[in-house]
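Structure, as structure tokens:
The values are calculated or read from the model by the stated rules, or taken from the named source; none is laboratory data. What you see is a predicted model; the values in this text were computed from it and never measured. Because the Cβ atoms are built from the backbone with ideal geometry, glycine has one as well, and the counts that use them run over all protein chains shown. Surface areas here come from the heavy atoms of the whole protein model, side chains and all, with no ligands, DNA or RNA. Shrake-Rupley method; radii C 1.70, N 1.55, O 1.52, S 1.80 Å.
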Amino acid sequence: MSRPLVRLLGQGVRAATKMRGGGSAFPGLVMEKLHPGFVAEQLARLPHGVVVVSGTNGKTTTTKMAVQLLESQGLKVFTNRTGSNFVRGVAASLLEEISLTGRFDADIAVLELDEAHAVHFVRQVKPRFALLLNVMRDQLDRFGEIDTTRQMLAQVAAATTEAVILNREDPRIASLAQDVQPDTRVLWYGLSEQLRPMFPSDDDMRAADGPAAPTPEGAPQPEPVVELAHFEATDVDFLVHGQPAQAKVHLYGVYNVYNAAGALALALTVTDDGRAVKAAGAGVESLLDELSRVTPAFGRGETITVGETPLQLLLVKNPAGFRLSLASAKPEAYATMIAINDEYADGRDVSWLWDVEFDSLRAGGVDLVTGTRAWDMALRLDYDQVPIQEVEPDLTESLHKFITAADGRPMRVFCTYTAMLSLRRALRAVADVPEI
Amino acid sequence: MTTTTSMFPQTPGSGSPTDTVEPGGLGEIHLVQLYPRDMNIYGDWGNTLTLKRRLEKRGYGVKLTDYNPGDSFPADGDILVGGGGQDSGQFRVMEDLQSIKPVLMQLVDDGAPMLAICGLYQLFGHEFRTIGGQTLPGVGIFDLTTVGGEQRLIGNIVTESEKFGTIIGYENHSGLTKLGAGQQPLARVVAGAGNDGQDGTEGAVTKEVIGSYLHGSLLPKNPALADHLIATAVRRRYSHYHLEPLNDTLATKAREVAQSRPR
Ligand SMILES: [Zn+2]
């Protein structure tokens, strides 16, 4: 089959799937079978190359920030918006982008890639830039060990040709500097000393106050491109190349604020190299401006209004994320529901819940505990002496009880991935819920 | 006021149980977490917390000590608990275990209760041969050896133990463990893989030391096992013991659900 014909076929499949409301990766799968080099060929044409964003926590929101920041500098950015962060998902997004005449009109690609799939991806496409966020216990039951995840990211770092941007405060990410090719630059983003205790790494994450894991000896702290210096509510102070810079960040959760430093470092690096900047007025100021316009990605602190009351959906998938979500607002001010599912996409293992401290919920209690593993969650809360109003494994049933019980209090729902999908569906009956 | 039937004979004079026991009034139990810095990554804290709360609810004070490589070893520990870790952590722990081996073996012989999960369970055997060909010597509390496997054995698991009834949890290990001829397993696998995925056994028991591949949620969801460790410790420390039964409704529900979930 000729190449254009293969592509048209792929696009036909895409249109057909879209009409059926099917999964976004399917047309990509067809494309991959018919024309395996498709993604690599298309991306190789981009004048400013490919940026890969990977790590265990916060990829989606960070990618969204990076895309917006680069667009604000006049770049036409291709990204895998649908959230299917697989090579196939990238192929599917590509098919959507490419017009029927075959023109792929973009300057640069910013792609969110799952650790495991990033490895496959970089075998086909060498990224120019990589932003590597963190390695936290996540999907342990799939990848086995966090050291394995680090190894996957090492392959991404080694395949990157221009610059690798690393989280200085995550020991496993920081150690990737040694995997980078000699001609590729290593750049950093980091936290002020004052903020570091707020972001514990997995090695010192435990309920009892044990000693922190020892930091690698003798290694001096490298100078970061962007340092998160301080923040209060939405007011954020960065140091950009050592110079103070203020921004507003309207994203929920301290992790998103930190990831904003990573996205900013990436945007500065990409635009710094001179070739990428098209627009006038490019620079730190306009990037900081744009940062304030970023809104949360699906499930990452999204707020849905029920009647007149805000209901916040917080995705939780590992101890670090859950702990930080809990810390980012005063629990007593909210009605609280926790929804824990153990479907494949959530991770079947729920033992990680024992590594989250729930003491902060003790004063206000939890209104509803729900999901397939509601009883495991309830047991966990009980051992932290957190009062529970009700346990109801059925999500839809729980949601209605919860809204009634909240009685006008703002609502927070901590939920795993598939629980969030179900709750969003159930919420359509009572609220405006944006399409994903 | 609750009237209770103790699982164990009561010592005269220990008083009748009430639900308003003075906190710590019955004495102190020393809980030692082995290597929490290197071996704590699979929710192992849940085991320590379960022991701590169940002791406190029964009126015992709890002293909690973290033991990490190089610390001075708390030889007066009443219950020792340790979990799983990354390969890198396991190496550090292996070296340290060799240095505390004499004191540790004395505690074992003396009937001190211990719980060793996953990585520590492997190091409580004779040796662990990694998939990379490295051999980590263990301390030989259990008569077993472990060989690194290509595939991880991962999933919900249900086992049956003569002593503790149905044990329910989640396993996640690549090491395949072979029990020696005389080694007593902790339980028989009903659904799941177990020690080596083949012989139908899970874990090991020697004296009062329990080893298992079932992660962090082992004790919270298996209160009988937790109370056995507690009873053993209290009896060893105070020679008399009385354990008031606790309300384990949530654990019972969580057990029912876990048993019904796909692997
Ligand atoms: Zn394990």
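Shown here is the pair-distance distribution of the stretch A:365-436: with all Cα-Cα distances grouped in 5 Å bins from zero up to the longest one, the shares run 3, 15, 27, 27, 16, 8, 3, 1 percent.
Near B:Ile157, the amide H atoms lying under 5 Å from its own belong to B:Gly169, B:Tyr170, B:Glu171; only residues 5 or more places off or on other chains count, and H is placed 1.01 Å from N. So what is Rg over Rh here for the stretch B:23-103, counting just Cα atoms and using Kirkwood for Rh? Rg divided by Rh gives 1.02. Remark: spin-label model distance A:Ser360-B:Ser72 equals 3.7 nm, labels positioned 7 Å along the Cα→Cβ axis. Note: relative contact order over chain B, using C-alpha pairs below 8 Å and six or more positions apart, is 20 percent.
Summarise the partner chain shielding of A:340-347 as one whole number: the mean count of Cβ atoms from other chains within 10 Å of each residue's Cβ. Can you show the working numbers first?
On the way: counts 0, 0, 6, 2, 1, 0, 0, 0.
For this peptide, the per-residue mean of nearby foreign Cβ atoms is 1.
For the pair A:Ser192 and A:Ala429, label points projected 7 Å from Cα toward Cβ lie 4.8 nm apart. Sorted on the mean count of surrounding Cβ atoms within 10 Å across their residues, most packed first, peptides A:105-118, B:193-206, A:258-271, A:174-187 read A:258-271, A:105-118, B:193-206, A:174-187.
Debye-formula intensities of the stretch A:280-428, expressed as log10 I(q)/I(0) at q = 0.10, 0.13, 0.16 Å⁻¹, are -0.35, -0.56, -0.81 (one equal scatterer per alpha-carbon, no solvent). Mean projected area of the Cα convex hull of the stretch B:83-169, taken over all directions, amounts to 6.5 nm².
Looking only at other chains, what is the average number of their beta-carbon atoms within 10 angstrom of each beta-carbon in B:43-53?
On the way: counts 12, 4, 11, 9, 1, 4, 7, 3, 0, 2, 4.
Whole-number average of other-chain Cβ neighbours for B:43-53 is 5.
With the simple spin-label model, which puts each label point 7 Å out from Cα in the Cβ direction, the A:Lys76 to A:Ala116 separation comes to 3.6 nm. Dividing the helix sum by the residues of chain B, where each DSSP H run of 4 or more adds -39500 (n - 2.57), gives a mean residue ellipticity at 222 nm of -9000 deg cm²/dmol.
Using 1/(1 + (r/R0)^6) with R0 = 51 angstrom and r between the beta carbons of B:His240 and A:Asp272, what's the FRET efficiency to the nearest 0.05?
Values: r = 74 Å, r/R0 = 1.44.
It comes to 0.10.
Couplings 3J(HN,Hα) of the stretch A:234-240, computed from phi: 8, 7, 10, 10, 10, 10, 9 Hz, in residue order, whole Hz [Karplus 6.51 cos²θ - 1.76 cosθ + 1.60, θ = phi - 60°; x for Gly and Pro]. Under the rule of at least 5 residues apart or a separate chain, name every residue whose amide H is placed under 5 Å from the amide H of B:Thr201. When sequence neighbours closer than 5 places are left aside, the close amide H contacts are B:Val189, B:Asn195, B:Asp196.
For the stretch B:179-263, the gyration tensor built on C-alpha atoms gives an oblate shape. Its axis ratio a/c (a ≥ b ≥ c) is at least 1.5, and a/b is not larger than b/c.
Taking a quarter of the surface of the convex hull around the Cα atoms of the stretch B:129-242, what do you get in nm²? Don't jump to the answer; show the numbers that get you there.
Values: hull surface 31.4 nm².
Averaging across all directions leaves 7.9 nm² for the Cα convex hull.
Amide H to amide H, with H built 1.01 Å from N, A:Val77 comes under 5 Å of A:Asp107, counting only residues 5 or more places away or on other chains. Mean partner shielding of peptide A:354-362, defined as the number of other chain Cβ atoms within 10 Å of each residue Cβ, is 3.
Note on A:Thr303/B:Asp143: beta-carbon distance plugged into 1/(1 + (r/R0)^6) with R0 of 60 Å gives a FRET efficiency of 0.55. Quotient of the Cα radius of gyration of chain B and 2.2 N^0.38 Å, N being its number of residues: 0.99. The C-alpha atoms of the stretch B:210-254 occupy a region whose extents along the principal axes are 33, 26, 10 Å, arranged from largest to smallest. 3J(HN,Hα) along the stretch A:339-354, derived from phi through the Karplus expression 6.51 cos²θ - 1.76 cosθ + 1.60 where θ = phi - 60°, amounts to 10, 10, 9, 10, 5, 3, 5, 8, x, 6, 7, 9, 4, 4, 4, 6 Hz, with x in place of Gly and Pro. Note on exposure: A:Met152, A:Met411 ranked by accessible area (1.4 Å probe, complete protein assembly) read A:Met152, A:Met411, with the most exposed listed first. Segment B:Arg129..B:Thr252, full-extension length gain: 40.5 nm, with 0.36 nm per residue of separation and the alpha-carbon distance subtracted.
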